[in-house]
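Engineer: Here it is, the structure in full.
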Amino acid sequence: MTAMKNKILLMGLVLFCLNTGSSLFAQNGIYAVSNIDSELLKDAHTVIRYEKMEIHIPSASKSVMKYKSVKTLLNENSHADELVISYDKSFNKIGKIKGKIYDASGRLVRELKKSEFKDRSAVDHSTMYGDDRYVSVKVSHSDYPYTVELEYKKTEKKFMYYPYWAIQGYKTSVEKSFLIVDVFNGNQLGYKSLNIDLEPKIKKDGDNHEYAWEVTNRKAIKGEAVSPSWNKILPMILLTPSEFNLGEYRGTMTSWNAYGKFMNELNKGRDELTEQMKKKVYEITANARSDREKINILYKYLQENTRYVGVQLGIGGWQTFSAKYVSENEYGDCKALTNYMKSMLKEVGIVSYPVLTNRGASHNLIQEEFVAPYFNHVILNIPSEDYWLECTSSDHPPNYLGSDNENKTAFRYTESGGELVKTPDYKAEQNQEKNNAIITLLATGDAHLSNEILYTGTQQERYRSSKFYLSQEDLEKKFLESESLPSFAINKYEIRVNEIKPEATETYDIDIKRYATKGGKRLFVPLNLINAISYVPPSTEKRIHPLEIRSDMFDEDQTTFKLPEGYEIESMPEPTFTLETDFGFYKVDLKVEGNQLIYNRKLKLTPGEYPAERYEDYRNFRKEIGTRDSIKLVLVKKKT
Amino acid sequence: MTIFRIFTSLLFLLLSFSVSAQKGPMKWGRVLKADLEMTEYNLEPDAEAVVLGEYATIDFSFDSDVVNYEFFFHKRIKILKESAVDRGNISIGYSGKGGFERIRGLKAQVIFPDGSREELGKKDFFEEKVTDNWRRKKFAFPNLKPGCVIEYKYKKISEGINTLEDWYFQEGIPVRFSQIQVDIPSVYQYVYLIESGSQKIEHTEDNNIQGGGGATSFKANRVTFKAENIPAMKEESYITTMRDYQASVRFQLKEILYSSGSSQKFLSTWKELAKELEENKSLGRNYLKSSTHSNVVNAAKSHIDKSASHLDKIKQAQKFITSQMKWDGSYGIWCKESLNKLFAKKIADGAEINLMLLAILRSQGLNAYPALTSTRDHGKTIHLYPIYEQFNHIMVYLEVDGKPIILDALDAFHPVGYPHSNSLNHFAWVLNKKDPKWIEVKTKNSTKSFLATFDLNVEGDLKGTINAGSNGYYAITEREEFHDSKYGDWKNVLEGTFPEVQIDSIEVINKEEIDKSLKVNIDCTIAKAAQVNGDFIYLNPVVSPAYGENRFKLEKRNYPVDQIHPWKENYILNLTIPEGYDLEELPEPVLLALPADGGRFSHQIKKIDDTHIQLVSKVTIKQTYFSPEEYLGLKKFIDLIIEKQEEQIVLKKKS
């Protein structure tokens, strides 16, 4: 009996040993860092060993995503130790979160505890209240390299936004990565690949269609200065549903027109103004002589009587609050304020349409051939006057959207559908800085500077906003601290803002100590301290990405130097210098008139896209400007 | 008649009772006509809004199992400019159920200039669950325009009787009236930490008060703090934290005197606090009881040379712990788990890592102690009372050869004796029940040296070498930069001054040996470094100035300048000028000093022979704290340094 028992026990023991994982016998686990191909280590901070996103969509109102990733962090620059899963409380649920840490040899160090995953509100400071939340965990193992494994499940109900698959970020290489989407028969899955040649394997069987993408052995991509935004470089697969539910509403995304119909339906009937408001609208526009004037009056009314307060709960993230809500509270978010403006215009017979856009983002994922709601903002368009209004701004002039809304592909929807439109692009001649300065120099090197500067377009925004939000004292303090001028005392400082046009004028009169540096009998006078541009993009060994230059501005400055008694010019640059390139032009003219030197400078920067080989040309252009802007005029005491 | 008399006397009783229960100087909804009509605040005409009144009371209650207090708060703000309407978005933070706080009776209303009003309803109040232990009640006042007055009030029930509520009299807009009134049961003794912020704060006490009511009434002491006409507080830079200068009062429970005659002390003496902290499981026990840290100590053994000097052992121990542990970026003084468990996790907060280092040093026979401090952004230390809540970080203190050393092992770049910048807050308290004491947290000088040897040619190009060295905080920053890039920050620094610089080679010495100076040798060519015009060549000889620009632009400051550590920058240039040129102009030498040797600047340029010159420019700043009165002197000092270091050398072609 005992012998038998022992034999069984022994057997069991052996079996147990055999079954407790190959780790006891293998040299290294499968996630050992030594298993990574050296090509994948180049320029990489992170290596994705394995990633799988499985999305199961059984109906238009439900989807379940199972996600698993295994990432190796090669050094402290890797951000893979911070994991963030965003979700919307009213639509999503996150569950079955698990995490593990492996060391460099692939051995399991530990499993993450549930308490390490924190659930936090993601409401930002501009939103009063919303359902955005996130689950996050900060993992660490101080022994680099190490590997982190993460798994979770995300259930979505009644939504219209499919995730996109970001195959790799900068400095991240990929060993193996999969995206699998299976949708129910009635739903046509829309997909598009960006920056990668990758088609899915499609399997259709009865009720379900399965789409599978696979990626193996992708080298890391370096980011470079002055390059296009990430959506033009990084490989991605975009997904979009054809049929979807948002709350109790149904819609389709088979075309922009169909999506427009849905958005219209969602926001219908919320533009009724109260009788009191109607009366107010007629009252204030009674004396207007044109539609344009009516728009300007109502826009001003909107700005002076409402403010931005974001409340985005559930469907409220997409569906606007009614005009009644805004007139009662005199606040609302971008959708509500835009809808309110639209309702007021409707009352005086002016037709306008909401336009969905992506504010502030450098990317532009919106395109004709792929319908997906990559929007975060709403503005208003009045086609009859070609007017555009930013309804959340307290200080923009009418028909001015601001630099964070300009030149974007956006979506305008109407009662009959919708289409893509382009928001106005502010060109260099509209974004100006024009300095008109007089600098009176003293033999001590001190100077008196009076300057009047006209700013237009994108260049006037920050002056306009400062004028609106800051007191005179704070404006002067800001001026004192921001200028690249040596210590000075303010005699006068003023910012004036044009009510109707995107223009602001800054006027100041100051006394500067040591504007010019003295050296024995010489004075070294900087020619351009008020508007010098010194930025030169860094040099690189071999550039990969094309250049994308976004600056679009035109500066025209005139400075009159009144030279001190008893001094003459010993050294000054050539009277005319012109540099003209694809990237813009730079022109300096110097004229001596008696004891005055008139310095005229023009700088225009033009946006454009160029192949990588042109980078040195661009650097040379910026270097030349930087060098010439820092030239000093040398004055010497006249010989008596 | 008798009935009438009783009635009136009853009335009097009622009146006097309601007087003592009065909720303060502001009546809900009753705004002074002058305030409704106000278009600007007479004391600060530029202000965008003004707090007309802010009033709170704290009343204790013994009605439930746990002692709690009710904090009643009422605030009224006048909106004067359109830019202030966002002040109508209110957020009230509290700990929620997890932290034993709850909010009740929240009311809010807008009163328009014409006297009409609009009250917010339940649907206007939102509750945000930020984390498990922090919530926010949020709401937005509707219909706000300049001229409106907004007010809100609420009650918060809390169990945090140790510190009650921190009360700030000052904020970003002027405050006309601010008062907090606390009815403290006589059995509780509190100390008050008052930061006057150069304002007049009135403090009155009345110990004839009856607190509570009904079954549990008690004798109480009414303490009132009041301030009026407080100016707006504006942020200034180069400061520890504005809160150190903000007019405020904080409360700290000192003792509870029971009717039986016994007492429970919350604040006793520094010695007693030291004893308590040493016995605490989450602090003292963790480094005093070997079972809690045995793994850490054992793992360190093989990395420490038993025969090494004390200082070397300390360096080895710090190197070991920083290679094993990653700082999670947070501060605290209580260990979340045993040091052994945290060591296994490889990540911990600042104090936990330093306590591991402490345990290792003690196991090596060194007399090391925890040095508790408050980081710069957390606020200044309080020496008057043994309040442990003031501390949020722990470093390590020991004496080697009679010299004090402070260790702060948060990353691998900071050598021994150089705590993290945020930990440098002037003082720390050594936790040693036999001899607790306050020590000054000082660091040695950080020095940066720059020796440039250049040849200048007739085109104005410089070609040569830069031999740079740095130690202390300069070296820490540079090592972090070299971690990210082959050139560290040198490319950016040189290209920033000379767009046409070309780095031919770069050599970095002692990149990992953090106890040694970091040395960088660069061969470079700087095209167009000098301005050439006709017969003249003009060169700015200071290729790497001490200051890019003077960040102190204002003529006056209200608050001190608190520079974190003392520093020195030495710049030497050996320049060979091209053949055929004369030295036409050289900058005059100068020697400047700040009062009490707080700083020094010397600038000397010497002609070695016809083609060689040497420039030596040195800046030393020893003083780290400058009062507002000393500010102008400091600003002028820096202005003069910048001006001098910008002076050019002029060369003229020989005729």
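The values are calculated or read from the model by the stated rules, or taken from the named source; none is laboratory data. Remember, it's a predicted structure, so these values are computed and weren't measured experimentally. When we count neighbours, we look across all protein chains shown, and the Cβ atoms used for this are built from the backbone with ideal geometry, even at glycine.
Engineer: Could you name every one of the strands (runs of 3 or more DSSP E) located completely within the stretch A:590-640 that has at least 3 residues being surrounded by fewer than 19 Cβ atoms within 10 Å (Cβ to Cβ) and touching a residue at least 40 places away in the same chain (Cβ under 8 Å)?
Structural biologist: A:596-605, A:608-610
Engineer: Would you please name the residue that is farthest from the other protein chains (Cβ to nearest Cβ), looking only at residues in the stretch B:475-507 that are farther than 23 Å from residue A:44 by Cβ and in contact with a Pro (Cβ under 9 Å, 6 or more places away or on another chain)?
Structural biologist: B:475
Engineer: Filter the stretch A:269-302 down to the residues that are in contact (Cβ under 8 Å) with a residue 12 or more places away in the chain and among the hydroxyl-bearing types (Ser, Thr, Tyr), then identify the one that is surrounded by the most Cβ atoms within 10 Å (Cβ to Cβ).
Structural biologist: Filtering the stretch A:269-302 for residues that are in contact (Cβ under 8 Å) with a residue 12 or more places away in the chain and among the hydroxyl-bearing types (Ser, Thr, Tyr), the one surrounded by the most Cβ atoms within 10 Å (Cβ to Cβ) comes out as A:299.
Engineer: Still on this structure, please answer the following. Taking residue A:112 and the conditions (1) of a type outside the set (Phe, Trp, Tyr); (2) surrounded by fewer than 18 Cβ atoms within 10 Å (Cβ to Cβ); (3) within 13 Å of another protein chain (Cβ to nearest Cβ), which numbered condition does it fall short on, given that it satisfies the others?
Structural biologist: (2)
Engineer: Could you tell me which residue of the stretch B:282-307 is modelled with the lowest pLDDT, considering only residues that are charged (D, E, K, R) and in a loop (DSSP other than H, G, I, E, B)?
Structural biologist: Ranking the candidates gives B:306 first.
Engineer: Let me ask another. Does residue A:458 satisfy the condition of being modelled with pLDDT of 90 or more and touching a Gly at 6+ places or on another chain (Cβ under 9 Å)?
Structural biologist: yes
Engineer: Can you pull out the residues in the stretch A:90-109 that are more than 10 Å from chain B (Cβ to nearest Cβ) and either in contact with a helix residue (DSSP H, G or I) (Cβ under 6 Å, 6 or more places away or on another chain) or of a type in the set (Val, Ile, Thr) (or both)?
Structural biologist: Matches in the stretch A:90-109: A:90, A:94, A:97, A:104.
Engineer: For the stretch A:559-570: of the residues being in a strand (DSSP E or B), farther than 30 Å from residue A:226 by Cβ and not charged (D, E, K, R), which is nearest to the other protein chains (Cβ to nearest Cβ)?
Structural biologist: The residue in question is A:569.
Engineer: Let me ask something additional. Are any residues in the stretch B:544-584 within 14 Å of another protein chain (Cβ to nearest Cβ) and under 16 Å from residue B:614 (Cβ atoms), and if so, which ones?
Structural biologist: B:583 - this is the single residue of the stretch B:544-584 that is within 14 Å of another protein chain (Cβ to nearest Cβ) and under 16 Å from residue B:614 (Cβ atoms).
Engineer: Could you tell me which of the residues A:426, A:463, A:508 is in contact with a strand residue (DSSP E or B) (Cβ under 6 Å, 6 or more places away or on another chain) and within 27 Å of residue A:584 (Cβ to Cβ)?
Structural biologist: Every option except A:463 fails the conditions.
Engineer: Applying the selection to the stretch B:119-133, what residues are in a strand (DSSP E or B) and more than 9 Å from chain A (Cβ to nearest Cβ)?
Structural biologist: Result: B:119, single match.
Engineer: Given the stretch A:238-338, what strands (runs of 3 or more DSSP E) lie entirely inside it while holding 2 or more residues that are within 14 Å of chain B (Cβ to nearest Cβ)?
Structural biologist: Ranges flagged: A:310-312.
Engineer: Now, a different point. Out of the residues in the stretch B:546-579 that are charged (D, E, K, R) and in contact with a strand residue (DSSP E or B) (Cβ under 8 Å, 6 or more places away or on another chain), which is surrounded by the fewest Cβ atoms within 10 Å (Cβ to Cβ)?
Structural biologist: B:555
Engineer: Next question, about the same structure. Taking residue B:536 and the conditions (1) under 29 Å from residue A:511 (Cα atoms); (2) among the hydrophobic types (A, V, I, L, M, F, W, C); (3) touching a strand residue (DSSP E or B) at 6+ places or on another chain (Cβ under 8 Å); (4) surrounded by 15 or more Cβ atoms within 10 Å (Cβ to Cβ), which numbered condition does it fall short on, given that it satisfies the others?
Structural biologist: (1)
Engineer: Any residue in the stretch A:91-114 that is within 26 Å of the chain's Cα centre (by Cα) and under 30 Å from residue A:187 (Cα atoms)?
Structural biologist: Yes, because at least one residue in the stretch A:91-114 is within 26 Å of the chain's Cα centre (by Cα) and under 30 Å from residue A:187 (Cα atoms).
Engineer: Which pairs do you get when a residue that is more than 23 Å from residue B:207 (Cβ to Cβ), found in the stretch B:172-188, comes within reach of a residue that is acidic (Asp, Glu) and in a loop (DSSP other than H, G, I, E, B), reach meaning Cβ atoms under 7 angstrom, with the pair 6+ apart or on two chains?
Structural biologist: If the second residue must be acidic (Asp, Glu) and in a loop (DSSP other than H, G, I, E, B), the pairs left are B:173/B:48; B:174/B:44.
Engineer: While we're looking at this one, here's another question. Take the conditions assigned by TED's automatic domain parsing to the domain that holds residue A:48 and within 30 Å of residue A:542 (Cα to Cα) and apply them to residue A:193. Does it pass?
Structural biologist: yes
Per-residue answers, yes or no, for (1) within 14 Å of chain A (Cβ to nearest Cβ); (2) outside any strand (DSSP E or B); (3) over 30 Å from residue B:42 (Cβ atoms):
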| site | (1), (2), (3) |
| --- | --- |
| B:163 | no, yes, yes |
| B:207 | no, no, yes |
| B:234 | yes, yes, no |
| B:239 | no, yes, no |
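Engineer: Looking only at the stretch A:464-521, which residues are more than 10 Å from chain B (Cβ to nearest Cβ), under 28 Å from the mean Cα position of the chain (by Cα), buried (at least 16 other Cβ atoms within 10 Å of the Cβ) and in a loop (DSSP other than H, G, I, E, B)?
Structural biologist: Within the stretch A:464-521, just A:502 meets the criteria.
Engineer: Kindly provide the set of residues from the stretch B:589-619 that are touching a residue at least 60 places away in the same chain (Cβ under 8 Å) and over 18 Å from residue B:651 (Cα atoms), ordered by number.
Structural biologist: Across the stretch B:589-619, the qualifying residues are B:617, B:619.
Engineer: Within the stretch A:529-545, is even one residue under 27 Å from the mean Cα position of the chain (by Cα), within 26 Å of residue A:598 (Cα to Cα), at the interface with another protein chain (Cβ under 8 Å from one of its Cβ atoms) and surrounded by 16 or more Cβ atoms within 10 Å (Cβ to Cβ)?
Structural biologist: Checked against the condition, which is being under 27 Å from the mean Cα position of the chain (by Cα), within 26 Å of residue A:598 (Cα to Cα), at the interface with another protein chain (Cβ under 8 Å from one of its Cβ atoms) and surrounded by 16 or more Cβ atoms within 10 Å (Cβ to Cβ), the stretch A:529-545 yields at least one hit.
Engineer: Considering only residues that are away from chain B (no Cβ under 12 Å) and among the charged types (D, E, K, R), which ones fall in the stretch A:598-633?
Structural biologist: Those that are away from chain B (no Cβ under 12 Å) and among the charged types (D, E, K, R): A:601, A:602, A:604, A:609, A:613, A:614, A:616, A:617.
Engineer: To continue, here is another question. I need a count of the residues in the stretch B:277-311 that are among the acidic types (Asp, Glu) and surrounded by fewer than 16 Cβ atoms within 10 Å (Cβ to Cβ).
Structural biologist: So the answer is 2.
Engineer: Among the numbered conditions (1) among the hydroxyl-bearing types (Ser, Thr, Tyr); (2) within 18 Å of residue B:498 (Cα to Cα); (3) in contact with a helix residue (DSSP H, G or I) (Cβ under 6 Å, 6 or more places away or on another chain), tell me where residue A:630 comes up short.
Structural biologist: So residue A:630 meets the others, but not (3).
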